[in-house]
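Beneath this line is the structure, given in structure tokens, with notes to follow.
The values are calculated or read from the model by the stated rules, or taken from the named source; none is laboratory data. These numbers come from a predicted model, not from an experiment. Using ideal geometry, Cβ is built from the backbone for each residue, glycine included, and neighbour counts are taken over all protein chains shown. Just the protein is used for accessible areas: all its heavy atoms, side chains included, with ligands, DNA and RNA removed. Shrake-Rupley method; radii C 1.70, N 1.55, O 1.52, S 1.80 Å.
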Amino acid sequence: MQANTVTPTPRLRAIGCSILTLLGGMALSAQAQSLTGLYDSARGYDAAYQSARAQYEANLAKVEQTRALILPSASLTAGASRTHLDVTSAALQKTVGNQSAGVSVSQPLYRPANLATYEQGKRQLLQAEEQLRVAEQDLVVRVAQAYFDVLGAQDSLSFVKAQKTAVAEQLAAAKRNFEVGTATITDTREAQARFDLVVAQEIAAENDLRVKKLALDTLTGRTGAEPLPLNPKSGLPELKPGDLGLWVDQAESEHPVVKQARLALEVARLEVDKAKAGEKPTLDAYAGFTRNLNLNGTTANLAASTSHVNAASAGVNFTLPLYAGGALQNRIRETLALEDKARADLDNASRTVVQTTRTAFLGLQSGQGQVKALEAAEASSQSALDANKLGYQVGVRINIDVLNAQSQLYQTKASLAKARYDVLVGGLKLRQASGVLKPEDLQEVNGVLQGKSD
């Protein structure tokens, strides 16, 4: 008994495709993650960022250590001892004991080196904050780059698969035409060679996608992270402000690397003050109280009985360095040279940041121009492919013309997709280069993605 088969009509096939597309979109919205969602995951997982945050916490504690140098210090002491005496000349044997307890307090009154160290600590705290900003900005760019690397690899694979389908259709057409005698075996062999090449490209694209996904998972701590694709109805964010000079001004004043170098110069100047303070006097105030309990006398007075001795003291200590073998003078010369180094480092940091900002700005402008040019090239490539297909059907074009037009179209599509991703990442890199990048800037990029933030 033979089962009846029903051939779906084109309308049924179209409906089926629409349903599959809808289901695919629903699955995408349910499983895919937004850029901001993956950034939040990376912020709590990335080892490099966690290391920078731990270093910042350590610097906070270090600053408090420098503050302690200008605050009073107190200490408590206690002790107990027993001494056995055997005086042969007096035929005397006796054991005496001593118990003591005391407290002392000291307050620096004039210690310029300690004050300079405390001022250094405050600036080092600001340096630590800028270092954390650098790590945060680096994490934003790394997450965005990994995110769009995956999208780019997915697009490349999709375009290769589409090209493979188109080449397969062209190969089938060449074989049919050869069988009926309207084409030569050359068309079939050319199509077969192109098909084999696309299969190799597909294998490479699949591997590249796996590598890119692994990098994103490693960065965010998620398994099988699926980025949301770009919304085709959303345009790319505009470059604001459009004046390069404004970006350069921001970089020179706001970039955390420049701020760190500026603070390092201040720390170096304070180090010079510390070195010069080595030639200055110091003055400390102190106070103390000690209570001693002597059991059965003392070693100096064996005839005495148990007694208590209370002693209180207060005063100031004044110290003036006179000569240290030339160490102080050479220390001053060393710190002056280090101050010159810090000044040169500041100049270098400022120049590097300006150059990086200019490069990022020009690169972003170029990327925006490439997107527009590739959009026009995509339309032209599609028209060229349609014309070559029509020409092949009427006999004025050969099979290799169609294959070349197909290859050009899909290469253009892949280049356009990559150019769009490069523009999005380039906008973040420009903000990073000028030192004003914040995690909130991801919201603008996130707005051009399909779906909502998770």
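Filter the range 196-214 for residues that are open to solvent by 50 Å² or more (accessible area, probe 1.4 Å) and of a type in the set (V, I, T) and give the result.
I203, V211 - these are the residues of the range 196-214 that are open to solvent by 50 Å² or more (accessible area, probe 1.4 Å) and of a type in the set (V, I, T).
Checking the condition open to solvent by 60 Å² or more (accessible area, probe 1.4 Å), free of Cβ contacts under 8 Å to residues at least 12 places away in the same chain and of a type in the set (G, A, S), which residue from A47, A74, A80 passes?
Details: A74 fails: free of Cβ contacts under 8 Å to residues at least 12 places away in the same chain; A80 fails: free of Cβ contacts under 8 Å to residues at least 12 places away in the same chain.
Selected residue: A47, the only one of A47, A74, A80 that is open to solvent by 60 Å² or more (accessible area, probe 1.4 Å), free of Cβ contacts under 8 Å to residues at least 12 places away in the same chain and of a type in the set (G, A, S).
Can you confirm whether A193 is open to solvent by less than 40 Å² (accessible area, probe 1.4 Å), farther than 26 Å from R431 by Cα, modelled with pLDDT under 95 and more than 23 Å from the chain's Cα centre (by Cα)?
On the way: open to solvent by less than 40 Å² (accessible area, probe 1.4 Å): no; farther than 26 Å from R431 by Cα: yes; modelled with pLDDT under 95: yes; more than 23 Å from the chain's Cα centre (by Cα): yes.
In short, no.
Scan (1) outside any helix (DSSP H, G or I); (2) surrounded by fewer than 19 Cβ atoms within 10 Å (Cβ to Cβ) for the single condition A183 breaks and write down its number.
Here A183 meets the rest and fails (2).
With (1) among the β-branched types (V, I, T); (2) at pLDDT below 85; (3) closer than 30 Å to V445 by Cβ as the list, and T298 as the residue in question, which single condition is left unmet?
The one condition T298 does not meet is (3).
Check S253 against each of (1) surrounded by fewer than 16 Cβ atoms within 10 Å (Cβ to Cβ); (2) under 27 Å from the mean Cα position of the chain (by Cα); (3) farther than 30 Å from L115 by Cα; (4) among the polar types (S, T, N, Q) and name the one condition it does not meet.
(3)
Taking the conditions exactly as written (at pLDDT below 85, of a type in the set (D, E, K, R) and touching a helix residue (DSSP H, G or I) at 6+ places or on another chain (Cβ under 6 Å)), does D187 satisfy them or not?
yes
Residue by residue through the range 432-454, note down the ones that are within 21 Å of Q365 (Cα to Cα), buried (at least 20 other Cβ atoms within 10 Å of the Cβ) and of a type in the set (A, V, I, L, M).
Within the range 432-454, A433, L437, L442, V445 meet the criteria.
Does the range 232-250 hold any residues that are under 22 Å from A417 (Cα atoms) and either open to solvent by 80 Å² or more (accessible area, probe 1.4 Å) or touching a strand residue (DSSP E or B) at 6+ places or on another chain (Cβ under 6 Å) (or both), and which are they?
Step one: of the range 232-250, the residues under 22 Å from A417 (Cα atoms) are 232-239.
If the condition is that a residue be under 22 Å from A417 (Cα atoms) and either open to solvent by 80 Å² or more (accessible area, probe 1.4 Å) or touching a strand residue (DSSP E or B) at 6+ places or on another chain (Cβ under 6 Å) (or both), then P232, K233, E238 are the ones that fit.
Checking V141 against (1) at pLDDT below 95; (2) within 30 Å of D46 (Cβ to Cβ), which single condition isn't satisfied?
Against the list (1) at pLDDT below 95; (2) within 30 Å of D46 (Cβ to Cβ), V141 comes up short only on (1).
Let's see how each residue does on (1) more than 32 Å from the chain's Cα centre (by Cα); (2) aliphatic (A, V, I, L, M); (3) more than 30 Å from A166 (Cα to Cα):
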{"residue": "A312", "(1), (2), (3)": "yes, yes, yes"}
{"residue": "E334", "(1), (2), (3)": "yes, no, yes"}
{"residue": "R343", "(1), (2), (3)": "no, no, yes"}
{"residue": "V354", "(1), (2), (3)": "no, yes, yes"}
{"residue": "Q365", "(1), (2), (3)": "no, no, yes"}
{"residue": "Q382", "(1), (2), (3)": "yes, no, no"}
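With the structure loaded, tell me whether T218 is β-branched (V, I, T), modelled with pLDDT of 90 or more and either over 27 Å from G426 (Cα atoms) or open to solvent by 50 Å² or more (accessible area, probe 1.4 Å) (or both) or whether it fails that test.
When the stated conditions are applied, T218 passes them.
List, please: which pairs have Cβ atoms under 6 Å, are six or more places apart or on different chains, and start with a residue in the range 92-113 that is surrounded by 14 or more Cβ atoms within 10 Å (Cβ to Cβ) and end with one that is among the acidic types (D, E)?
S106/D284; P108/D284
Check whether at least one residue in the range 167-179 is out of contact with any strand residue (DSSP E or B) (no Cβ under 9 Å at 6 or more places or on another chain), open to solvent by 50 Å² or more (accessible area, probe 1.4 Å) and within 21 Å of Q382 (Cα to Cα), and report yes or no.
Yes.
For A387, state whether it is of a type in the set (A, V, I, L, M, F, W, C), open to solvent by 40 Å² or more (accessible area, probe 1.4 Å) and modelled with pLDDT under 95.
In short, yes.
Might you let me know whether the range 274-288 holds any residue that is open to solvent by 50 Å² or more (accessible area, probe 1.4 Å) and either at pLDDT 95 or above or in a strand (DSSP E or B) (or both)?
Yes; the residues of the range 274-288 include at least one that is open to solvent by 50 Å² or more (accessible area, probe 1.4 Å) and either at pLDDT 95 or above or in a strand (DSSP E or B) (or both).
Looking for whichever is in contact (Cβ under 8 Å) with a residue 24 or more places away in the chain and open to solvent by less than 60 Å² (accessible area, probe 1.4 Å) here; the options are K413, K429, K418. Which one fits?
Only one candidate qualifies: K413.
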